[in-house]
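Take a look at the structure set out below.
No lab work stands behind these numbers, since they all come straight from the coordinates. Fair warning: this is a prediction, and the values are worked out from it, not measured in the lab. Heads up, the Cβs are rebuilt from the backbone with ideal geometry, glycines too, and the neighbour counts pull from every protein chain shown.
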Amino acid sequence: MTTGRRRAVLFATCIVDQLYPTVGLAAAELLEQQGVTVEVPPDLLCCGQMAFNAGFRDDAYAVAGRTLEVLRGKGDVVMPSGSCAAMIRHLYHELFAHTPFADMAADLAHRTYELSEYLVDVLGVTDVGARFNGRITYHDACHGLRFLGLGAQARALLGRVQGAEVVPLPGCDQCCGFGGLFAVKQHTISTAMLDRKIEAIASTDADLVVTGDVSCMTQIAGGLSRRNMPTRARHLAEVLANMVDAR
């Protein structure tokens, strides 16, 4: 337990809010367990990444501008997503360059963290009291790995999960083929990349493949399901908050 009382905004992200609310609940629980007072502003919606990546810069500017306003003066911002955190940390400066919001974007970038990064690097926590009786392997989501340099933090946390055997995933740093609209626009390439990822997961004989982004989790879970494989894909927050039952 950390000393003192920190405050943080949990920016759950669009896809967590709409499709995987348990991931948001797990993230909030993990932070609260460490003495962090968690705030979830009801009007905090989207970071603007999807529009930005699709080339709709005006739409991204409008959405991200709203995010800047909602998060003004809120202190630490924690996201259970490396891709959305990377959008704020590394792409808001481009989106808001030479605008009246450039300083606000820079300020927000300096106080935005991905969940595992916040737990390990800011709070200094690796053991959160998690338990799982089974084999776990870890997939590095692209944005978290390449934009934020993440990976060691999640492994440090998983390494302290009691009862779990953590096994390396061959090609753990290779893309699963999701990439937002890439999976739609380049379906054939995306499918080939996913097939390679599923073969690697199968070689580990893991009960769980864990990742820090629900977008990758969705892509991988679909591939596992279509092959009728027993391995399940889960978000890191769910595992750490003891929200995943052993089979």
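Compute the distance in nm between two label points, each set 7 Å from the Cα along the Cα-to-Cβ direction, one at residue 191 and one at residue 162.
It works out to 4.6 nm between the two label points.
In whole Hz and in residue order, list the ³J(HN,Hα) couplings for the range 120-129 that follow from phi through the Karplus curve 6.51 cos²θ - 1.76 cosθ + 1.60, θ = phi - 60°; x for Gly and Pro.
Going residue by residue, I get 7, 7, 9, 7, x, 10, 10, 9, 10, x Hz, with x marking Gly and Pro.
Using Cα-only point scatterers and the Debye equation, what is log10 of I(q)/I(0) for the range 78-219 at each q in 0.12, 0.15 Å⁻¹, rounded to two decimals?
Relative scattering, expressed as log10 I(q)/I(0), comes to -0.55, -0.81.
Divide by every residue of the chain the summed helix terms, -39500 (n - 2.57) for each DSSP H run of at least 4, and state the resulting mean residue ellipticity at 222 nm, rounded to the nearest 500 deg cm²/dmol.
Helices in the chain give a 222 nm mean residue ellipticity of -12000 deg cm²/dmol.
If each residue of separation counts as 0.36 nm, what is the full-extension length gain between residue 135 and residue 243 once their alpha-carbon separation is subtracted?
Contour length minus the Cα-Cα distance gives 37.3 nm.
Search the structure for amide H atoms under 5 Å from the amide H of residue 233, placed 1.01 Å from N in the peptide plane, and list their residues when 5 or more places away or on another chain.
Excluding prolines and chain starts, which carry no amide H, the hits are 209.
Going through the DSSP H helices of the chain, which span 15 Å or more along their own axis at the Cα atoms while scoring at least -0.5 as a mean Kyte-Doolittle hydropathy?
21-33, 57-70, 187-204, 214-226
Mind pulling up the Rg/Rh value for the chain? Radius of gyration and Kirkwood radius, both on Cα.
Rg/Rh for the chain comes to 0.96.
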